[in-house]
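**Student:** Take a look at the following structure, please.
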Amino acid sequence: MSSHSLKNSVSLADTENEIKNDQTLAIPEEDAKYLQDVEHFGGFVLGDRAFPKINNAIKQEDWESFESFFAPEFEGEMFVWDQATSSHFDFASFDRWDSESPRTKKLTRTGFVAAIKELRAQFPELERSEFKVIKMTPEHHGQFDEPWSGSFKLAMAGKNPAGKIAFLTLKFSCRIASISEETPDSKEYILSCLPYEGKHGTSEKFLMEDVTNNTGITNLGLRDNWKYDYAEGQTRPFVTGGIFANDFNQDGNTDFLLTDLDGLFFYVGDGEGKFTEQSIQIGLPRFIKEPVAVVADFNNDTYEDLIIGQSL
């Protein structure tokens, strides 16, 4: 091999390695680290550690604590409650606000707290509430100890003063003074809040209900991937199973195949919302731990066939 062709071969190999490296890292390592830091401070520190304290103050109606999270120079606004776009149906009523909806004049932190207090009063029986980050990023790249801009969601659900089932969801754009590991124990870090979307609804009863126990389908035997105690160093799987609905036996009724990390479950439907588990009876390997499956008529006999894991 000539020295010229050797140089070309080495150059080509280097180029291929560079391409592989670029494919491995979609963005430069420095940018990836920055995004991880933004996610850590904006999502975890603020969203998972700091904001739950604000949510708890709302739940407990501890308005002194709630006000302490807002800066003295705080400026905010709120939608005008009775100027929503309303829709009324036999089963429920809904109100909606968007970025074009009328809002109050500028509110101080005391005025904003009073507005939230009025909303909380709409739920004398509060069953759940949320105060969660939607997005958050530093206003100046890399300046974590300076203001951040982003958005959050305030949600409440329960029963209103009339005893009806009700929910309220408000989304705000906001500014945060700074975010650090000390933020969850800090006060006066919210600089501003401006609502841009809101939804409110009431109904006499829940529009959907859990009927699992009435169907014959059970979650016993299915793995709860969030609570499962994996061994140290074992990766928590991303795909844990699937649900395949089809009339497998062609009796005119929908059947279900559930694949799970702890086995297979095949439910035969009776057409009236009831199902019977018959995995072993129809010849399926009940305890095969294959979460991935494909359903298709592979041999053109009009019946659906299964690929479960690597078995047909």
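**Student:** Do you know which residues across region 290-312 are surrounded by 15 or more Cβ atoms within 10 Å (Cβ to Cβ) and either touching a Cys at 6+ places or on another chain (Cβ under 8 Å) or of a type in the set (Asp, Glu) (or both)?
**Tutor:** Glu290, Glu304
**Student:** Answer yes or no: is there a residue in region 193-205 that is hydrophobic (A, V, I, L, M, F, W, C), at pLDDT 90 or above and within 29 Å of Ser151 (Cβ to Cβ).
**Tutor:** Scanning region 193-205 turns up at least one residue that is hydrophobic (A, V, I, L, M, F, W, C), at pLDDT 90 or above and within 29 Å of Ser151 (Cβ to Cβ).
**Student:** Just the residues that are under 26 Å from Asn214 (Cα atoms) and of a type in the set (Ser, Thr, Tyr), please, taken from region 271-304.
**Tutor:** Within region 271-304, Thr276, Ser279 meet the criteria.
**Student:** Still on this structure, please answer the following. Could you grab me the full set of residues in region 213-235 that are loosely packed, with under 10 Cβ neighbours inside 10 Å and not in a loop (DSSP other than H, G, I, E, B)?
**Tutor:** Asn213
**Student:** May I ask you to list the residues in region 84-94 that are modelled with pLDDT of 95 or more and touching an Asp or Glu at 6+ places or on another chain (Cβ under 9 Å)?
**Tutor:** Ala84, Thr85, Ser86, Ser87, Ala92
**Student:** Can you pull out the residues in region 149-202 that are in a strand (DSSP E or B) and among the polar types (S, T, N, Q)?
**Tutor:** The answer is Ser149, Ser151, Thr169, Ser173, Ser192, Thr202.
**Student:** Please determine whether any residue of region 122-130 is among the charged types (D, E, K, R), buried (at least 17 other Cβ atoms within 10 Å of the Cβ) and in the same structural domain as Val38 (by TED's automatic domain parsing).
**Tutor:** Checking region 122-130: not a single residue is among the charged types (D, E, K, R), buried (at least 17 other Cβ atoms within 10 Å of the Cβ) and in the same structural domain as Val38 (by TED's automatic domain parsing).
**Student:** Which number in (1) of a type in the set (S, T, N, Q); (2) at pLDDT below 90; (3) closer than 30 Å to Met136 by Cβ marks the one condition that Thr218 misses?
**Tutor:** Condition not satisfied by Thr218: (3).
**Student:** Evaluate region 153-161: report whether one residue or more is in the same structural domain as Phe123 (by TED's automatic domain parsing), surrounded by fewer than 17 Cβ atoms within 10 Å (Cβ to Cβ), over 30 Å from His40 (Cβ atoms) and hydrophobic (A, V, I, L, M, F, W, C).
**Tutor:** no
**Student:** Right, here's the next one. Under 9 Å between Cβ atoms, which residue pairs at least 6 apart in sequence (or on different chains) link something in region 55-68 that is at pLDDT below 95 with a partner that is buried (at least 16 other Cβ atoms within 10 Å of the Cβ) and β-branched (Val, Ile, Thr)?
**Tutor:** Taking only residues 6 or more apart or on different chains, not a single pair turns up.
**Student:** List, please: which pairs have Cβ atoms under 7 Å, are six or more places apart or on different chains, and start with a residue in region 185-209 that is farther than 30 Å from Pro138 by Cβ and among the small types (Gly, Ala, Ser) and end with one that is buried (at least 16 other Cβ atoms within 10 Å of the Cβ) and at pLDDT 95 or above?
**Tutor:** Gly201/Ala92; Gly201/Phe94; Gly201/Ala166; Gly201/Phe167; Ser203/Ala92; Ser203/Ile165
**Student:** Continuing with the same structure: Residues to consider are Phe248, Phe287, Phe256; find the one that is surrounded by 14 or more Cβ atoms within 10 Å (Cβ to Cβ), in a loop (DSSP other than H, G, I, E, B) and not polar (S, T, N, Q).
**Tutor:** Of Phe248, Phe287, Phe256, the one residue that is surrounded by 14 or more Cβ atoms within 10 Å (Cβ to Cβ), in a loop (DSSP other than H, G, I, E, B) and not polar (S, T, N, Q) is Phe248.
**Student:** Applying the selection to region 113-148, what residues are closer than 16 Å to Ser180 by Cβ, aromatic (Phe, Trp, Tyr) and not in a strand (DSSP E or B)?
**Tutor:** Passing the criteria: only Phe144.
The values are calculated or read from the model by the stated rules, or taken from the named source; none is laboratory data. Worth saying up front: this structure is predicted, and the values here are computed from it rather than measured. As a convention, Cβ positions derive from the backbone with ideal geometry for all residues, glycine included, and neighbour counts pool all protein chains shown.
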